[in-house]
Amino acid sequence: MATWVTHFRIAEALMKAGVPVSKVDFLVGNIGPDCGIAHEEGSPSPFQRISKSVTHFKNGQGIQPELFREQYALKDVELTSSAGSYYWGYYCHLITDVEWIKLTKSKQEEPVHQAVKGTPEYNQLVKRDWYWLDFKYLKLHGNHVFWTDVQHIQQYPEYLPFFPEGQTFKQIQNIIHFYCNTEVPIEYEPVYMKEAEVDNFVLETVDKLRDMMEFDKRKEP
């Protein structure tokens, strides 16, 4: 699945392109499917681990964004409303994850991946690159929405029935803590994912999402 900063970058780019949404709600929706886990194993908590089959609308064929779109009737929601912006953000997240899975599967065919694929360290090595690029991006972009908006969220309601009250906000806090408190090496050269590849992924996914959202508008009576 794509990183949180990748989702925030896509949300920010869509808003800059003129998608008329409630900003914070759209941002939260764009990390909404990843709010299925919000506490450490074994700790007392009102929150719960929720299967990705629920949060990501997965079936035997993988993530199914259209199941979410149909179940929550996105064509009928007001995009500029808080709930509507959240729902569309959630949908954008699911589409983004589908596209990210395509990218990572193609990357696995590269020799550098083949050399370590199947080893216990593979996922850790690959994700180290992903998240290092996140931290680099945030360091270089002090006006990114993570800094200007996300880290200042003080509370958030639930718009989906499978999240216990407060779970989304708890995960927002987890994400803020992760990016604000994790130390990463300054000098590092990613091996399994390059900066330009993430940049291109963001641009291409934004274009795809813009086309889908514009198409949805044209269908309205």
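The values are calculated or read from the model by the stated rules, or taken from the named source; none is laboratory data. Note that the coordinates shown come from a computational prediction; the quantities given were computed from them, not determined experimentally. All Cβ positions, even for glycine, are placed from backbone atoms using ideal geometry, and neighbour counts span all protein chains on display. The protein model used for the area step is the full one, side chains on, heavy atoms only, and it has no ligands, DNA or RNA in it. Shrake-Rupley method; radii C 1.70, N 1.55, O 1.52, S 1.80 Å.
Worth pointing out:
- Any hit, the range 198-210, residues being farther than 25 Å from K16 by Cα, surrounded by 12 or more Cβ atoms within 10 Å (Cβ to Cβ) and modelled with pLDDT of 95 or more: no
- Enumeration of residues in the range 158-197 that are open to solvent by 80 Å² or more (accessible area, probe 1.4 Å) and either more than 21 Å from C35 (Cβ to Cβ) or β-branched (V, I, T) (or both): E183, I186, E187, E189, K194
- Filter result for the condition that a residue is more than 27 Å from P164 (Cβ to Cβ) and crowded, with 19+ Cβ neighbours inside 10 Å, over E99, E110, E12: E12
- E70 closer than 16 Å to Y159 by Cα, assigned to a helix (DSSP H, G or I) and open to solvent by 30 Å² or more (accessible area, probe 1.4 Å): yes
- Given (1) within 30 Å of Q114 (Cβ to Cβ); (2) at pLDDT 95 or above, number of the condition D149 does not satisfy: (1)
- Taken as a whole, the condition of being without any contact (Cβ under 8 Å) to a residue 60 or more places away in the chain and within 28 Å of G84 (Cα to Cα) does not apply to D149.
- Number of residues in the range 73-96 that are exposed (fewer than 15 other Cβ atoms within 10 Å of the Cβ) and in contact with a Phe, Trp or Tyr (Cβ under 8 Å, 6 or more places away or on another chain) equals 0.
- Enumeration of residues in the range 118-137 that are exposed (fewer than 13 other Cβ atoms within 10 Å of the Cβ) and either assigned to a loop (DSSP other than H, G, I, E, B) or modelled with pLDDT of 95 or more (or both): G118, T119, P120, E121
- Of the residues making up the range 103-136, those that are over 17 Å from the mean Cα position of the chain (by Cα) and aliphatic (A, V, I, L, M) are V112, A115, V116, L125, V126.
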